[in-house]
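These notes are about the structure you will find just below.
None of the figures in this text is laboratory data; all of them are computed from the coordinates on show. Everything quoted here is computed from the prediction, not taken from an experiment. Please note: Cβ atoms are built from the backbone with ideal geometry, for glycine as well, and neighbour counts cover all protein chains shown.
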Amino acid sequence: MGTYDIIIVGAGPAGIFCALQAAGQGYKVLMLEKGRPLEKRNCPAKNDGGNCLKCKNCSIVCGWGGAGAFSDGKLTLSSQVGGNLAQDIGEEKLRKEMEEVDRVYLEFGAPEHVYGPSPERLEELEKKALMADMKFVAADLRHLGTGHSTKILQEMYRRLQEDGVEIKTNTKVSQIWVEKDTLQGVKTQAGEEYRGKYVMVAPGRENASWFEEEARRLGLSLSINPVDIGIRVEVPSVVTHDITRDVYEPKLLYYSKTFDDRVRTFCMCPHGEVVQENNQGLITVNGHSYADKKTNNTNFALLVSKTFTEPFREPITYGHYIARLANLLGGGVLVQRLGDLLAGRRSTRERLERGQVEPTLKEATPGDLSLVLPYRHLKSLIEMLEALDCMAPGIYSRNTLLYGVEVKFYSSRIEVDKNMETQIPNLFVGGDGAGITRGLMQASITGWMIGKAIVYRIKEERSR
Ligand SMILES: Cc1cc2nc3c(=O)[nH]c(=O)nc-3n(C[C@H](O)[C@H](O)[C@H](O)COP(=O)(O)OP(=O)(O)OC[C@H]3O[C@@H](n4cnc5c(N)ncnc54)[C@H](O)[C@@H]3O)c2cc1C
């Protein structure tokens, strides 16, 4: 069904940046994406009272633009956030690639403004965090905003098409095609075969389990990443104002007193909304801030990282199991007031109505998170909420809303070299689905680097 120089599987930021790097140079590039084009990515739940219909290809996380398409697009310009690339390729190289990728986002319409604290303010926050037993990690950040993200992605689509990249949406790759240890291309669920000299696979977190199965089938080495399980916390925006006003996304790290587990804040959404997310039928919680719509609340995730050791090798299954428990009890996302959790009782609609924080996720079911989260996780989360209260008084209020569960499935990590090439020559993997990154910026960087490596390789071959 066609022969290509480069085949890219997955049109999230990793896939798109690989294509941007390779496009317009006369190479035959094919992008295969199982979800829909951006303008057709509609969540039917919006017309069905918010009830998730558990679509096969969830439009929230699949389709042109990938998982981040409808996120508020926080591009973190720090090497310490959004993945482990700093360890893999070195701080200096990462900085350089980040500058290039950031320039591409700017070229496609990202706002010029970068959020970040002044050195004096940074020192003040670091000191406050230390006194509360936490570490403050500053990350400069470019905020695309939800509306803006989609415009940028649409513009990238237009440019790639203009540059001759063939883009096929609604096309699911079922197999990475390898014969006698030689990469041939890919096969799709519909039975099509595409030959390609180079293949870049970036399936994102949503389809990481498919990729893991493929990696095992192909005999690629895998290592286990931690699984992050926690809750989304929602408070009135005034409570967090002091730490969000000129930092935008404060990252706080804490080691719990009882278990010495690593707990961290993640994805702070000032004036944002709590949303539900469908992970192949499993409903978890997340958060957004919109550029043009502001609520009176701020939400953020609190996540406990747990790395499992031998013989246990299934952290993703463990995370799924806990999320399934929440779904079993609440039909989806559960919400509980901190006061109710501490008093050992479930929240009810009436109790929530008496609270001071109006939930922004209306579909969440009032319930009891202590029936879902393991003691170890719950204890660590409560201890961090107490610590946070020293920095932002009001967080440890009985009215604070806790939504559960938020789970970050960091895919098993595929062994790759510095160019993200696997043990199978010419097969490259990037982004979140390969367990290498955890955010828009670093995912984009992997694609960008892979694109460079492939183009370099092709040029060398052709000059011989
Ligand atoms: C609600 C939400 C908000 C977020 N907000 C932020 C944020 O503000 N800042 C930030 O840095 N990060 C954010 N993230 C995370 C960010 O979106 C991801 O880190 C990033 O999108 C990962 O990029 P990726 O290209 O690796 O994978 P993805 O973006 O997940 O893209 C993978 C694509 O591959 C497709 N695919 C998978 N398997 C196949 C297959 N077999 N065949 C064909 N296609 C396939 C999928 O449909 C998907 O479109 C958010 C995520 C979500 C869900």
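Structure notes:
- Shape category assigned to the chain from the gyration tensor of Cα positions, a/c cut at 1.5: prolate
- Derived scalar couplings ³J(HN,Hα) [segment 221-232; Karplus, 6.51 cos²θ - 1.76 cosθ + 1.60; whole Hz; x for Gly, Pro]: 6, 10, 10, 8, 8, x, 10, 9, 10, x, 9, 10
- Taking segment 54-94 and a reference point 7 angstrom along Cα→Cβ of LYS40, the backbone N atoms nearer than 17 Å belong to 55-66.
- When the alpha carbon coordinates of segment 296-353 are projected onto the principal axes, the ranges are 46, 25, 22 Å, largest first.
- Summarising the strand pairing of the chain, around 75 percent of its internal DSSP beta bridges are antiparallel.
- Using every pair of separate Cα atoms, the Kirkwood estimate puts the hydrodynamic radius of segment 130-206 at 16.7 angstrom.
- Residues CYS55, CYS62 arranged by fewest to most Cβ contacts within 10 Å: CYS55, CYS62
- Rh by Kirkwood over Cα pairs, then Stokes-Einstein D for segment 316-448 at 0.890 mPa s and 25 °C, µm²/s: 142
- Reachable lysines from LYS187, criterion Cα separation under 16 angstrom, eight or more residues apart if same chain: LYS34, LYS168, LYS172, LYS197
- Distance between the pseudo-spin-label points of PHE308 and GLU358 (7 Å out from Cα toward the beta carbon): 4.2 nm.
- Working ranking of peptides 456-463, 443-450, 105-112 by packing, defined as the average number of other Cβ atoms within 10 Å per residue, highest first, is 443-450, 105-112, 456-463.
- Taking label points 7 Å from Cα along the Cα-to-Cβ direction, ARG103 and LEU328 give a separation of 5.4 nm.
- Scattering from segment 227-408 was approximated by placing one identical point on each alpha carbon and applying the Debye formula without solvent; log10 I(q)/I(0) at 0.09, 0.14 1/Å stands at -0.28, -0.69.
- Estimated FRET transfer efficiency (ARG158, LYS28; beta-carbon r; R0 22 Å; 0.05): 0.70
- For the cross-link pairs LYS56/LYS362; LYS40/LYS306; LYS306/LYS418; LYS54/LYS362; LYS56/LYS379, the ones whose C-alpha atoms lie over 28 Å apart are LYS40/LYS306; LYS56/LYS379.
- When each of GLU192, GLU120, GLU234, GLU249 is scored by the number of other beta-carbon atoms lying within 10 Å, the sequence from fewest to most is GLU120, GLU192, GLU249, GLU234.
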